[in-house]
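The values are calculated or read from the model by the stated rules, or taken from the named source; none is laboratory data. Because the structure is a prediction, the values reported are computed rather than measured. Quick reminder, even Gly has a Cβ in these numbers, built from the backbone with ideal geometry, and neighbours come from all protein chains shown. In case anyone asks, the SASA skips ligands and DNA or RNA and just uses the protein heavy atoms, side chains included. Shrake-Rupley method; radii C 1.70, N 1.55, O 1.52, S 1.80 Å.
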Amino acid sequence: LADALSREACQFVDTAAAKEEPFFLYLAYNAPHTPLEATEEDLALYQNIQDEERRIYAAMVHAVDRGVGELVRTLKTANEFENTLIIFLSDNGGKTSDGATNFSFSKSKGSVFEGVIRVPMFCHWPRQLPGGERFEHPVSALDFYPTFAHLAGAEVPESKQLDGVNFWPSFRAGENPRANHPIFAMRHRGGISDVAVWLGPWKLVRFGGAKQGWSLFNLEDDIEETNDVSSSKQERVQQIY
């Protein structure tokens with residue numbers, strides 16, 4: 001399916017570019033994801049990986065890499081590459097029981113720890129952005145709507161309540177776009193709601209239901225979330241809570 005999605009995306013760009021109007025493409029690959037399936041050709045590239053699930057997982061990632069490369073070549077052929085903003089990210093961390101690894105972050109898919117809600121992301125726009133720079137601050141996928149509206153020159157009605165923020169000015173300035181806007185995550189499972197609130201370097205977590213209480217982590221010092229400092233930082237807990 002990754003190859004099919006790549007094919008359709010490239011056809012869309014060819015058609016859209018011919019119209020000489022702005023276009024938007026949302027390309028949501030299913031891979032890597034269960035069921036773990038890959039072509040024999042891609043699997044052959046990773047035959048050195050002994051673990052079968054890990055080998056299929058790697059081959060599925062390879063298919064995504066190939067598809068993104070095909071899309072980039074299509075944009076270049078259409079003379080749209082230099083003036084196209086490409087944002088690439090994952091929707092969540094991997095499921096470690098099915099070939100993924102989230103090292104060195106903690107937990108597997110389905111939790112509210114960093115191994116799940118912290119994902120890689122990059123922005124590429126040759127005419128607007130310098131290359132090779134690293135942005136250290138958090139961005140939420142919820143921020144895309146107000147950010148894209150800003151870049152397109154569209155106005156979001158003031159009456160419209162958004163959880164996302166326009167991150168572009170802060171992004172260009174190297175500043176935290178969410179210094180005063182917490183990131184909230186919730187996961188319902190088996191009658192339990194796991195919750196995390198991230199504000200600045202601090203992350204407040206309740207994992208395993210209300211009876212477990214709240215844990216507090218300083219992600220600048222403890223990205224693996226192994227040192228709960230809630231007992232000594234009760235004022236910070238109450239501030240975020």
Go through the stretch 131-151 residue by residue and tally those that are out of contact with any Asp or Glu (no Cβ under 9 Å at 6 or more places or on another chain), open to solvent by 80 Å² or more (accessible area, probe 1.4 Å) and of a type outside the set (D, E, K, R). 3
Residues of the stretch 29-57 being part of a loop (DSSP other than H, G, I, E, B) and small (Gly, Ala, Ser), in sequence order, are 31, 38
Of (1) without any contact (Cβ under 8 Å) to a residue 12 or more places away in the chain; (2) of a type in the set (Lys, Arg); (3) surrounded by 12 or more Cβ atoms within 10 Å (Cβ to Cβ), residue 203 satisfies every one except (1)
Inspect the stretch 65-86 for any residue being more than 21 Å from residue 129 (Cα to Cα), open to solvent by less than 60 Å² (accessible area, probe 1.4 Å) and assigned to a loop (DSSP other than H, G, I, E, B) and give the result as yes or no. no
Output the number of residues of the stretch 26-46 satisfying the condition of being surrounded by 10 or more Cβ atoms within 10 Å (Cβ to Cβ) and either within 13 Å of residue 70 (Cβ to Cβ) or more than 19 Å from the chain's Cα centre (by Cα) (or both). 12
Options 169, 177; residue that is within 23 Å of the chain's Cα centre (by Cα) and buried (at least 16 other Cβ atoms within 10 Å of the Cβ): 177
Number of the condition not met by residue 93 [criteria: (1) at pLDDT 95 or above; (2) surrounded by 18 or more Cβ atoms within 10 Å (Cβ to Cβ)]: (1)
Looking at residue 103, is it farther than 24 Å from residue 165 by Cα, out of contact with any helix residue (DSSP H, G or I) (no Cβ under 6 Å at 6 or more places or on another chain) and open to solvent by 50 Å² or more (accessible area, probe 1.4 Å)? yes
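To keep it simple, each residue is scored yes or no on (1) under 30 Å from residue 23 (Cβ atoms); (2) charged (D, E, K, R); (3) at pLDDT 95 or above; (4) touching a helix residue (DSSP H, G or I) at 6+ places or on another chain (Cβ under 9 Å).
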residue: 46; (1), (2), (3), (4): no, no, yes, yes
residue: 50; (1), (2), (3), (4): no, no, yes, no
residue: 53; (1), (2), (3), (4): no, yes, yes, yes
residue: 60; (1), (2), (3), (4): yes, no, yes, yes
residue: 66; (1), (2), (3), (4): yes, yes, yes, yes
residue: 76; (1), (2), (3), (4): yes, yes, yes, no
